[in-house]
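Report on the structure given below.
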2 protein chains.
Amino acid sequence: MSDIPATDARRYHHGDLSRALIDAARRLLEAEGQSALSLRAVAREAGVSPAAPYHHFKDKGELLDAVAQEGWTLLDAALVKAKAEAPDIHQALTELGVAYVCFARDNPALYRVMYDTAREKEALPERMQNGEDNSYSKVRDVLIEAGGDPNDSLDLELATSAAWCSAHGLAEMAGFKQFDHLKDACGGETAFFRAIFNHMGLAPRRR
Amino acid sequence: MSDIPATDARRYHHGDLSRALIDAARRLLEAEGQSALSLRAVAREAGVSPAAPYHHFKDKGELLDAVAQEGWTLLDAALVKAKAEAPDIHQALTELGVAYVCFARDNPALYRVMYDTAREKEALPERMQNGEDNSYSKVRDVLIEAGGDPNDSLDLELATSAAWCSAHGLAEMAGFKQFDHLKDACGGETAFFRAIFNHMGLAPRRR
DNA sequence: CAAGATATCTATGCGGCGTTAAGATAAAGT
DNA sequence: ACTTTATCTTAACGCCGCATAGATATCTTG
């Protein structure tokens, strides 16, 4: 899924330690999971002393913020791709949802860091606010193209939020063993995702 | 929301330390939040030495399991109450959802522990499996009463799972500041919850 | 009731954590 | 060349989860 560069330069002044730390963190996250992501372990992985990160990040939380940022960017890219590849506009919303859940499945630890840091500040990143050309707007635009009323902004926002909540809910649940037999019965994991989304009749009021 | 008894008995042999530890953990969780919930802090709160808990729980995880267990029981009770109070069967599903989200809002740290421990073992508690007279079945039964086909068990399970995912998704998101203005626009928090659930047209195939 | 067995708790210690403070070293500015 | 500044290291503090060994209270059996 990812190619996080390994760091090599081992001179005293590193060159770009913040970058190297973020990469190290993502490498650790992918290889060992969230519980292994200590600041000291990140420093070790990057080949510096335990205190070195503090010259680039105020504390551990700020490093995690940076990691989460990259996560949101990756998720955004996955949604762009999904929309572009959707066969028609009425399936586009489901395909966005499937792409979302697949991202969470393929980057479980990163996905967790993204929402953990968001919960810490009780706010999703700006990218997720109602705005132009961000992740949130991608879902909203699909809803409009599929027949939503662009003038009923409250209803549109509710529909967009509902879609996001649904996708997040499924993303968090899909990993549980309870659903294994349903995945089989549906004929595969993504078929299961689609079936679940079909049961959540996500739509705005019509124009 | 809760009445977690404070422990007093301070004799050498405590009497019921496991009980006292669980209560202490829940008290800490409510007062200080999840990050303050260390095993040592729980022992302090219960008035025993840091190593005492190990005679009643294998490790910290097992204590959290016990706390989570109580959480699921409380959630179950909230759902029973919501179903009993629902005006008619077609609103019952939404009311279950609202009750679910309100539980998460009122017990944020506990709710988090519940899902964190579940994720650790990649499985929700048995209570959540397809079965008789558990939390899962409460949602499923409402879907049947509302017109779902009791014989199409795959579809029923998908619909039940979809409802649960949606509720969980909203529960996790509702705390974010992003939604404050929507809550206002809807005329209150629970009205917002209802509006979101309305946009997720949760239903099984008809009989 | 006495005495040994058992359950429960304390004391101590290990390594790892996040974070801070003080000192070393390399690069940049004058 | 010399100073200044940015960057990194070393060392230390108080927390943490957890393991071990020893103390103390209750239970069991005579």
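Go through A:K60/B:K60; A:K121/B:K58; A:K183/B:K121; A:K177/B:K60; A:K138/B:K183 and tell me which ones have a Cα-Cα distance over 28 Å in this structure. Pairs exceeding the cut-off: A:K121/B:K58.
The C-alpha atoms of chain A define a longest principal axis, and helix A:89-106 lies at about 30 degrees to it.
In this label model, B:K81 and B:N151 are separated by 3.9 nm, measuring between points 7 Å along each Cα→Cβ vector. Shape class for the protein assembly as shown, computed from the alpha carbon gyration tensor (a ≥ b ≥ c): oblate, with a/c not under 1.5 and a/b at or below b/c.
Counting only protein heavy atoms and a 1.4 Å probe, the protein assembly as shown has 47 square angstrom of accessible area per residue. For the residues of B:146-155, the average number of beta carbons from a partner chain within 10 Å of their own beta carbon is 1.
What's the angle, to the nearest 10 degrees (0 to 90), between helix B:108-120's Cα axis and the longest principal axis of chain B? Rounded to the nearest ten degrees, it is 90. GNM remark for chain B: springs join alpha carbons under 10 Å apart, and the peak mean-square fluctuation among B:G33, B:G71, B:G97 falls on B:G33.
Distances from A:D16 to itself in the other copies, using label points 7 Å out along the Cα-Cβ axis, amount to 6.1 nm in increasing order.
Chain pair B, A: how much accessible area is buried, both chains summed, with a 1.4 Å probe, in Å² to 100?
Counting both chains, the buried surface is close to 3700 Å².
Scoring A:190-198, A:117-125 by mean Cβ neighbours within 10 Å over their residues and listing the highest first yields A:190-198, A:117-125. In this calculation the C-beta distance from A:Q91 to B:A31 is compared with R0 = 60 Å, giving a FRET efficiency of 0.80.
Shortest first, B:S49 label-point distances to identical copies amount to 3.7 nm, with the label point at 7 Å from Cα along Cα→Cβ.
Taking the C-alpha atoms only, the angle from helix A:60-85 to the longest principal axis of chain A is near 40 degrees.
To put it simply, the accessible area of the protein assembly as shown at a 1.4 Å probe is 50 percent carbon and sulfur. What separates the B:Q34 label point from its copies, with the point 7 Å along Cα to Cβ, is 0.6 nm, written shortest first. Taking a ≥ b ≥ c as the square roots of the eigenvalues of the Cα gyration tensor, segment B:65-199 is classed as oblate, since a/c reaches at least 1.5 and a/b does not exceed b/c.
The values are calculated or read from the model by the stated rules, or taken from the named source; none is laboratory data. All of these numbers come straight from a predicted model, not from anything done at the bench. Here Cβ is always computed from backbone atoms with ideal geometry, including for glycine, and neighbour counts include all displayed protein chains. All accessible areas refer to the heavy atoms of the entire protein, side chains included, with ligands and DNA or RNA removed. Shrake-Rupley method; radii C 1.70, N 1.55, O 1.52, S 1.80 Å.
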